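The values are calculated or read from the model by the stated rules, or taken from the named source; none is laboratory data. Computed from a prediction, not measured in an experiment: that's the story for all the values here. Using ideal geometry, Cβ is built from the backbone for each residue, glycine included, and neighbour counts are taken over all protein chains shown.
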Amino acid sequence: MTVLAPPRLQAPPVTGPSRRHRGGWVPYAFVAPAMVVLVAFAVLPILVAGVVSTTDMDISGLADPSSVSFVGLENYRRLLADPQFWNALRTTGAFTVVGVPVIVVASLAVALLLHRSGGRLASTLRAFYFLPAITAIVAVALVWGYLYNSQFGLLNYLLSLVGLGPVPWLSDPTWARFSVGLVAVWRATGLNIIIFLAALQGIPHEYDEAAQLDGATELQRTRRITVPLLRFAIFFVTVTTVISWLQFFDEPYVLTQGGPNDATTSISLYIYEQGFRYNQFGFASAGSLVLFVIIAIVTVVQLRLRGSDDH
């Protein structure tokens with residue numbers, strides 16, 4: 001006796017849009033506000049700066065656009081021939097080369113110490129280390145300005161207690177670079193410590209416990225387990241810190257105004273002075289585009305190195 005299988009029911013034809021197409025616009029709706037902000041505050045200003053950099057625009061051109069003349073690449077030629085631009089570029093490069101490793105290493109070391117320790121003291125210290133990141137730069141400049149004061153500053157007073165003479169913290173070119181860099185490092189470590197602490201909390205405890213059972217010391221566990229698992233966090237902090245130092249502006253502006261003898265004039269401060277002190281908007285726009293290209297190249301190189309390292 002042959003048993004016939006029941007006929008298979010066929011799904012009715014889909015007359016309307018499929019579920020995939022019906023929900024296709026939803027992701028774009030969520031992304032749209034961020035894209036509008038990105039275009040309005042990132043892409044559009046770069047395009048405007050590119051147009052302005054080919055003109056001789058100054059403050060009068062804002063009221064009378066007819067007074068603006070097209071100069072082509074003349075601003076870029078002047079920029080590359082200006083020794084002050086190259087001095088500012090070298091100063092920014094020196095700050096970046098020295099400051100980035102110091103910040104990454106110091107932030108990672110403090111984060112490891114805070115992660116290893118527990119209790120109420122560790123929580124208090126986390127808030128303490130994060131304070132510089134949220135403190136206004138005006139307040140920072142006021143406090144550090146008193147500390148660096150050559151005659152009445154606390155630092156020179158402490159040096160006098162051990163028989164040392166006063167240090168010209170902000171009046172000597174070498175000491176001024178050190179002083180400005182120290183404040184910048186102090187301000188930048190707070191946020192990076194929080195990033196490293198968040199990454200450390202995401203590491204499973206089983207790895208550390210297994211290594212501890214195998215007899216590994218704390219230093220060995222840190223070198224062999226913790227730090228390798230923090231590679232992405234270290235890479236992220238390094239990239240953002242490099243970008244921040246290439247845009248180095250706040251500390252030299254409020255502490256030394258680029259002095260003494262342009263020893264602390266960064267490329268961002270140089271662009272600011274050309275645009276708002278010397279009223280050369282076209283020339284300053286050319287400098288800002290050059291800085292943008294430098295940051296883009298350095299970031300792409302770091303991303304490529306990260307990609308090759310993964311392979």
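Structure notes:
Yes or no, residue by residue, for (1) of a type in the set (D, E, K, R); (2) within 25 Å of ASP262 (Cα to Cα); (3) surrounded by 16 or more Cβ atoms within 10 Å (Cβ to Cβ):
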| site | (1), (2), (3) |
| --- | --- |
| PHE95 | no, yes, yes |
| VAL102 | no, yes, yes |
| HIS115 | no, no, yes |
| ILE137 | no, yes, no |
| ALA141 | no, yes, yes |
| SER150 | no, yes, no |
| LEU155 | no, yes, yes |
| LEU164 | no, no, no |
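- For LEU246, the conditions (1) farther than 25 Å from THR189 by Cα; (2) under 22 Å from the mean Cα position of the chain (by Cα) are fulfilled apart from (1).
- Within the range 30-53, not a single residue is closer than 19 Å to LEU291 by Cα, modelled with pLDDT of 90 or more and touching a strand residue (DSSP E or B) at 6+ places or on another chain (Cβ under 9 Å).
- From ALA42, ALA111, residue being free of Cβ contacts under 8 Å to residues at least 24 places away in the same chain, under 23 Å from the mean Cα position of the chain (by Cα) and part of a helix (DSSP H, G or I): ALA42
- Those helices (runs of 4 or more DSSP H) lying entirely in the range 198-298 with at least 3 residues of a type in the set (D, E, K, R) and in contact (Cβ under 8 Å) with a residue 60 or more places away in the chain: none
- Which numbered condition ALA184 fails, given (1) within 30 Å of PHE85 (Cβ to Cβ); (2) in contact with a Pro (Cβ under 9 Å, 6 or more places away or on another chain); (3) surrounded by fewer than 20 Cβ atoms within 10 Å (Cβ to Cβ): (3)
- Comparison of TRP144, TRP186, TRP169 shows that the only residue that is under 24 Å from VAL97 (Cα atoms), modelled with pLDDT of 90 or more, assigned to a helix (DSSP H, G or I) and in contact with a Leu (Cβ under 9 Å, 6 or more places away or on another chain) is TRP144.
- When VAL52, VAL68, VAL100, VAL104 are screened for being over 29 Å from VAL239 (Cβ atoms), of a type in the set (Val, Ile, Thr) and in contact with a Ser or Thr (Cβ under 7 Å, 6 or more places away or on another chain), only VAL68 passes.
- A Cβ distance below 8 Å, combined with a sequence gap of six or more or placement on separate chains, defines the contacts here; from the range 56-80, residues that are closer than 21 Å to GLU273 by Cβ and touching a residue at least 24 places away in the same chain (Cβ under 8 Å) reach residues that are of a type in the set (Phe, Trp, Tyr) and assigned to a helix (DSSP H, G or I) in the pairs MET57/PHE281; ASP58/PHE281; ILE59/PHE281; GLY61/PHE281; ASN75/PHE283; ARG78/PHE283; LEU79/PHE85; LEU79/PHE283.
- Residue list for the range 259-284, restricted to those being within 23 Å of ILE59 (Cα to Cα), small (Gly, Ala, Ser) and either within 21 Å of the chain's Cα centre (by Cα) or surrounded by fewer than 15 Cβ atoms within 10 Å (Cβ to Cβ) (or both): SER268
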